[in-house]
DNA sequence: CGCTGAAACGGACTGTAGTCCGTATCTTGT
DNA sequence: ACAAGATACGGACTACAGTCCGTTTCAGCG
């Protein structure tokens, strides 16, 4: 792996990247104990034996820390979509790939909901997470020969995939909140929605 | 207007409801000056000449305060959908009503994005805002003769309408964030999406 | 009118995100 | 190896959401 770049595109100082890794490892360990909501920046700094200012210098904000923790998962997901085996990766019919993409993304958000929740505020750098999904949807829709305003349609379909996440984020107290439909129905509904859109003429 | 009910269903004490109104009025005034993000609970308490504990007793949380501020707008919107003139209200073709609903909801979220942003955490009482929209979509989809899992489809369409809101919420720093498509394209895309779904057989 | 219990009030207190700036450490050029 | 400048570090400090509990005020009743 190449040396991580600093803010100005210059190579980061050795102690900086070392502390970055230390903080990410410490954070992962603490997360197993207290969960995403229970992790405070103070506690992380102390557990890592560093000052609080260092934590904020590395990640910018609490949300930035969680974005960094999510980064490797996101890369893996993108890799599976762009270069993995079909039907998620290239080689299958575009409509089938759209269906597979939705199913995979639904599982992704369900699995990482705790981290995604804490990462929702604006992150440190460019490229909001979600840009990839929208672009990928747009490409697949075009490949499937779907007409209309592809950009807007991808935007809207992406929202449909993110919906259960937001639902969990907002209504999650100890009370019995209504809750989103279960994953299997969402996945089936996604397949239905994609076919409705793709078959339309 | 009937006396507002307290926590146990009992009529609220006079000073309680008086202070509630005072706080809402003061909040609206302060919002004009500092905007939703600039309004702090401390400042509100002081501007209203009340203690901080009172503010939290009335609204439960910062999000609860904004939910209360949104309440009248939400009621007005619901009224227009249930008993207003067509095509938003009853009397028009269901597909036309779906289209009109989407356009109106998109305008609603764009207009009140600042307040909605601050109200997103779980509110004081039952009935998350959005329950109405999902239910209304479900009813209209059924009336339009759309098959499949209506509940899930309504859930997904609702997400498509909320998407630009979330987009503004998350990527909104001083930097030039990518931004959601403009309102007119979203509205056109919504009409297209509804027709694709409704015309499918 | 005064009593009494329940509800509301006030504001000090706690926990946490994020900032600031003086000090320590690293990197590079000579 | 050393000097100089840039970058990072540490931890006290600020601001704000939310809690707690002693005190005050309200509303019904004898």
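The values are calculated or read from the model by the stated rules, or taken from the named source; none is laboratory data. Bear in mind that the values here come from a model prediction, so they are computed numbers and not experimental data. Methodologically, a virtual Cβ is constructed for each residue, glycine included, from the backbone with ideal geometry; neighbour enumeration extends over all protein chains shown.
Structure data summary
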read-out: Residues that are in a helix (DSSP H, G or I), within 13 Å of DNA strand C (Cβ to nearest atom) and either more than 26 Å from the chain's Cα centre (by Cα) or buried (at least 16 other Cβ atoms within 10 Å of the Cβ) (or both), drawn from the range B:53-67; value: B:53, B:54, B:55, B:58, B:59, B:62
read-out: Leading residue by the ranking (surrounded by the most Cβ atoms within 10 Å (Cβ to Cβ)) among those in the range B:143-152 that are more than 9 Å from chain A (Cβ to nearest Cβ) and in a helix (DSSP H, G or I); value: B:150
read-out: Flag for residue B:18 being assigned by TED's automatic domain parsing to the domain that holds residue B:166 and more than 20 Å from residue B:141 (Cβ to Cβ); value: no
read-out: Positions within the range B:50-68 being near DNA strand D (Cβ under 8 Å from one of its atoms) and within 14 Å of another protein chain (Cβ to nearest Cβ), in sequence order; value: B:60, B:61, B:63, B:64
read-out: Qualifying residue in the range B:97-106 (condition: in a helix (DSSP H, G or I) and either in contact with a strand residue (DSSP E or B) (Cβ under 9 Å, 6 or more places away or on another chain) or farther than 22 Å from residue B:164 by Cβ (or both)); value: yes
read-out: Test: residue in the range A:71-82 that is at positive phi, at pLDDT 95 or above and either in the same structural domain as residue A:25 (by TED's automatic domain parsing) or more than 12 Å from DNA strand D (Cβ to nearest atom) (or both); value: no
read-out: The range A:184-197 - residue that is under 13 Å from residue B:155 (Cα atoms) and buried (at least 18 other Cβ atoms within 10 Å of the Cβ) and, of those, nearest to the other protein chains (Cβ to nearest Cβ); value: A:189
read-out: Residue list for the range A:28-49, filter: within 18 Å of the chain's Cα centre (by Cα) and within 16 Å of DNA strand D (Cβ to nearest atom); value: A:37
read-out: Qualifying position, being part of a helix (DSSP H, G or I), within 8 Å of DNA strand C (Cβ to nearest atom) and either buried (at least 16 other Cβ atoms within 10 Å of the Cβ) or modelled with pLDDT of 95 or more (or both), among A:27, A:43; value: A:43
read-out: Any hit, the range A:70-83, residues being within 16 Å of DNA strand C (Cβ to nearest atom), surrounded by 14 or more Cβ atoms within 10 Å (Cβ to Cβ) and closer than 25 Å to residue A:135 by Cβ; value: yes
read-out: Matching entry among A:200, A:168 (being crowded, with 16+ Cβ neighbours inside 10 Å, more than 17 Å from residue A:103 (Cβ to Cβ), more than 9 Å from every other protein chain (Cβ to nearest Cβ) and modelled with pLDDT under 80); value: A:168
read-out: Qualifying positions in the range A:39-66 - out of contact with any helix residue (DSSP H, G or I) (no Cβ under 8 Å at 6 or more places or on another chain) and closer than 16 Å to residue A:117 by Cβ; value: A:40, A:61, A:64
read-out: Yes/no for residue A:12 being at pLDDT below 95, touching a strand residue (DSSP E or B) at 6+ places or on another chain (Cβ under 7 Å), surrounded by 15 or more Cβ atoms within 10 Å (Cβ to Cβ) and over 14 Å from residue A:65 (Cβ atoms); value: yes
read-out: Which numbered condition residue A:110 fails, given (1) touching a helix residue (DSSP H, G or I) at 6+ places or on another chain (Cβ under 9 Å); (2) within 12 Å of DNA strand D (Cβ to nearest atom); value: (2)
read-out: Filter result for residue A:140 (buried (at least 21 other Cβ atoms within 10 Å of the Cβ), more than 12 Å from chain B (Cβ to nearest Cβ) and assigned to a helix (DSSP H, G or I)); value: yes
